[in-house]
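Participant: Provided herewith is a single structure, encoded as structure tokens, for subsequent inquiry.
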Amino acid sequence: MRKLVVATGNPGKLQEMEEYLTGKNWILTLKPQELDIQETGTTFRENACLKASQTAQAMGEWAIADDSGLAVEALNGAPGIYSARYGATDTERIARLLKELGDNSNRKAQFICAIAIAAPDGSIALETEGICRGEILKSPRGQGGFGYDPIFYVPQWQQTFAEMTRQRKGKVSHRGLAFEQLLPQLKTI
Ligand code: ITT
């Protein structure tokens, strides 16, 4: 069994990533908090690769990183890669998004998740991306999940991410779709 450092400081993401990775042939450890990586990339993929690569090199271990966010069509794709930097807390980020979208009738949005795995020398071994399409509600609904989950509604299931069970969100979400592609490939490295 090899060690895999999970390069995230986001507890909501960490919980979901652990669920996908548990029982696979890897011993998971968490990135030390003091290892702070600047997200200077211009795409989700670039930022996932930066986080995985720099964590792997700093720790001398395999590392996995997730860069994700919410792109709202009527806001020209904002907050996008700046989703975490859109406000200080989840509540503030949701409030800002709802304010900027206002009464706009175009509520279309998509969650995007890029995952990268780096080898101990920092080289990228695997990269995947998942997208989940949905709509932004006018007010939050549901208690589960994290981040923007209470305002992201998936018409196919008639639920927000925050109303879904962990299992359902785990299958249909952007992260679920990215991991669905990643897991078979993970066996090959
Ligand atoms: P790390 O970089 O340390 O992993 P982060 O929170 O800074 O943590 P990102 O830069 O990838 O991560 O920002 C992702 C943002 O998008 C953040 O505000 C999340 O709350 C939000 N987000 C990502 N996936 C989400 C999900 O499944 N549900 C709700 N919000 C999500």
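No lab work stands behind these numbers, since they all come straight from the coordinates. As the structure is a computational prediction, the values presented were derived from the model and not from experiment. Neighbour counts run over all protein chains shown; Cβ positions are idealised from the backbone, glycine included.
Participant: How many of the residues making up segment 33-49 are within 10 Å of the ligand (Cβ to nearest atom), within 15 Å of the chain's Cα centre (by Cα) and either among the basic types (Lys, Arg) or surrounded by fewer than 23 Cβ atoms within 10 Å (Cβ to Cβ) (or both)?
Facilitator: Within segment 33-49, residues that are within 10 Å of the ligand (Cβ to nearest atom), within 15 Å of the chain's Cα centre (by Cα) and either among the basic types (Lys, Arg) or surrounded by fewer than 23 Cβ atoms within 10 Å (Cβ to Cβ) (or both) number 1.
Participant: So Ser83 passes all but one of these: (1) of a type in the set (Gly, Ala, Ser); (2) within 24 Å of Met164 (Cβ to Cβ); (3) more than 13 Å from the chain's Cα centre (by Cα); (4) part of a helix (DSSP H, G or I). Which condition number does it fail?
Facilitator: If we test Ser83 against (1) of a type in the set (Gly, Ala, Ser); (2) within 24 Å of Met164 (Cβ to Cβ); (3) more than 13 Å from the chain's Cα centre (by Cα); (4) part of a helix (DSSP H, G or I), just (3) comes out false.
Participant: With respect to Tyr148, is the statement that it is touching a Gly at 6+ places or on another chain (Cβ under 9 Å), among the hydroxyl-bearing types (Ser, Thr, Tyr) and within 24 Å of Thr8 (Cα to Cα) true?
Facilitator: Against the criterion (touching a Gly at 6+ places or on another chain (Cβ under 9 Å), among the hydroxyl-bearing types (Ser, Thr, Tyr) and within 24 Å of Thr8 (Cα to Cα)), Tyr148 qualifies.
Participant: While we're on this one: Hey, any hits in segment 124-131 for a residue that's without any contact (Cβ under 8 Å) to a residue 60 or more places away in the chain, under 18 Å from Leu14 (Cα atoms) and either touching a Pro at 6+ places or on another chain (Cβ under 7 Å) or within 11 Å of the ligand (Cβ to nearest atom) (or both)?
Facilitator: Looking for residues that are without any contact (Cβ under 8 Å) to a residue 60 or more places away in the chain, under 18 Å from Leu14 (Cα atoms) and either touching a Pro at 6+ places or on another chain (Cβ under 7 Å) or within 11 Å of the ligand (Cβ to nearest atom) (or both), one finds at least one in segment 124-131, hence yes.
Participant: Do the conditions hold for Phe146, that is, is it in contact (Cβ under 8 Å) with a residue 12 or more places away in the chain, touching a strand residue (DSSP E or B) at 6+ places or on another chain (Cβ under 6 Å) and aromatic (Phe, Trp, Tyr)?
Facilitator: no
Participant: Which condition does Pro155 not pass, out of (1) within 16 Å of the ligand (Cβ to nearest atom); (2) without any contact (Cβ under 8 Å) to a residue 40 or more places away in the chain, if it passes all the others?
Facilitator: So Pro155 meets the others, but not (1).
Participant: Filter segment 80-95 down to residues that are farther than 25 Å from Glu180 by Cα and either surrounded by 14 or more Cβ atoms within 10 Å (Cβ to Cβ) or small (Gly, Ala, Ser) (or both), then give me how many there are.
Facilitator: Qualifying residue count for the region: 7.
To keep it simple, each residue is scored yes or no on (1) on the phi < 0 side of the Ramachandran plot; (2) within 12 Å of the ligand (Cβ to nearest atom); (3) under 16 Å from the mean Cα position of the chain (by Cα).
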site: Gln15; (1), (2), (3): yes, yes, yes
site: Leu21; (1), (2), (3): yes, no, yes
site: Gln57; (1), (2), (3): yes, no, no
site: Asp66; (1), (2), (3): yes, yes, yes
site: Asn76; (1), (2), (3): no, no, no
site: Asp90; (1), (2), (3): yes, yes, yes
site: Arg93; (1), (2), (3): yes, yes, yes
site: Leu98; (1), (2), (3): yes, no, no
site: Gly102; (1), (2), (3): no, no, no
